[in-house]
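The next block holds one structure in the form of structure tokens; read it before the comments.
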Amino acid sequence: MTFLRIRKLRGKDILHVAARHNLREFTMKGAGEQGSIDTARTSLNYIVRGPGSALGVCALAQELMSTAGVKTLRKDAVMALEVVMSLPPNHDADLHAYFEDSVQWVEQSFGVPVLSAAVHLDQAAPHCHVLLLPLVGSRMVGSDLMGGRATLAARQEDYFKSIGKRYGFVRPSARKRPSKTVREDALRIAHALLQSRTNLGGEVIGVLLAPHASDPLPLVEALGIDLSIRKRMAGDFVRTMTANSAHRKAKQLGARHGKAPL
């Protein structure tokens, strides 16, 4: 099976945050311990399109908007669309050919500038993050470009027929939307996991998780979390992560004041 997901990125700094994640410009703490990011394989990641740094991605976006005459944007404006294309862990596809064809499909399907396309091979499922600048003429049209459910379904079908099927993949069956309890547990666990493994603050993590609120399961799967044991994890895991975070803060505070941590 091959997957295609699309989300809107809103907020002043969200493009920089997303680009930092995609280009691995943050420190992962214990990333390989629970099957999420294997730092020993991060060097295998590669860039298909765009600059090699998050600042470069942001500078490219600003240059394109300035050239088009875009001067001011609303605070809640869609700054970018992120398209994620994923392959199953066990496959025999030519990765470079598959993701090159996928990025070309994105360019043709959306018809807007590609700011960055980065392939991640340091997680179980190989996948590619594509950041698009929703610039048409002199207007930013993120919401219109994203479209509704019908537009998303049509794009997913076209992606499967144009790319997935060509490489011998089958169309994934429709999945029932998870219950509210499962969604809340999944988001809580993902938040605690990201907070424990990265240098990102809680507010930034909240912004990254917000687009996944309606269906966080693909994200949770990518993080290597097994929700079949969610009842235990929802309590024990979050309490453990919270305790570890509190201990680190206490240790840092004690160091600043010359006191030994409790």
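Assess whether Leu44 counts as being touching a Pro at 6+ places or on another chain (Cβ under 8 Å) and surrounded by fewer than 17 Cβ atoms within 10 Å (Cβ to Cβ). For Leu44, the condition - touching a Pro at 6+ places or on another chain (Cβ under 8 Å) and surrounded by fewer than 17 Cβ atoms within 10 Å (Cβ to Cβ) - is not met.
Residue-by-condition table, conditions (1) in a loop (DSSP other than H, G, I, E, B); (2) open to solvent by less than 50 Å² (accessible area, probe 1.4 Å); (3) not β-branched (Val, Ile, Thr):
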{"position": "Thr151", "(1), (2), (3)": "no, no, no"}
{"position": "Glu157", "(1), (2), (3)": "no, no, yes"}
{"position": "Phe160", "(1), (2), (3)": "no, yes, yes"}
{"position": "Ile189", "(1), (2), (3)": "no, yes, no"}
{"position": "Gly206", "(1), (2), (3)": "no, yes, yes"}
{"position": "Val220", "(1), (2), (3)": "no, yes, no"}
{"position": "Ile225", "(1), (2), (3)": "yes, yes, no"}
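Residues that are of a type in the set (Ser, Thr, Tyr), open to solvent by 60 Å² or more (accessible area, probe 1.4 Å) and at pLDDT below 90 occur in the stretch 66-74; there is at least one.
In this structure, Leu81 qualifies as touching a Leu at 6+ places or on another chain (Cβ under 6 Å), on the phi < 0 side of the Ramachandran plot and in contact (Cβ under 8 Å) with a residue 60 or more places away in the chain. Against the numbered list (1) assigned to a helix (DSSP H, G or I); (2) in contact with an Asp or Glu (Cβ under 9 Å, 6 or more places away or on another chain), Leu145 comes up short only at (2). Sub-9 Å Cβ pairs linking a first residue in the stretch 195-219 that is within 23 Å of Met85 (Cα to Cα) and touching a residue at least 40 places away in the same chain (Cβ under 8 Å) to a second residue that is of a type in the set (A, V, I, L, M, F, W, C) and part of a loop (DSSP other than H, G, I, E, B), at least 6 apart or interchain, are Leu208/Leu200, ordered by first then second residue. Annotation: of all residues in the stretch 160-205 being among the small types (Gly, Ala, Ser) and in contact with a helix residue (DSSP H, G or I) (Cβ under 7 Å, 6 or more places away or on another chain), the one that is modelled with the highest pLDDT is Ser162. Considering the stretch 113-149, the residues that are among the polar types (S, T, N, Q) and surrounded by fewer than 16 Cβ atoms within 10 Å (Cβ to Cβ) include one that is farthest from Ala19 (Cα to Cα), namely Ser138. For the stretch 191-201, the set of residues classified as in a helix (DSSP H, G or I) and open to solvent by less than 30 Å² (accessible area, probe 1.4 Å) consists of Ala192, Leu193, Ser196, Arg197, listed by residue number.
The values are calculated or read from the model by the stated rules, or taken from the named source; none is laboratory data. Computed from a predicted model, the values in this text were never measured in an experiment. We place every Cβ from the backbone using ideal geometry, glycine too, and count neighbours over all the protein chains shown. For accessibility, only protein heavy atoms count, side chains too; no ligands or nucleic acids. Shrake-Rupley method; radii C 1.70, N 1.55, O 1.52, S 1.80 Å.
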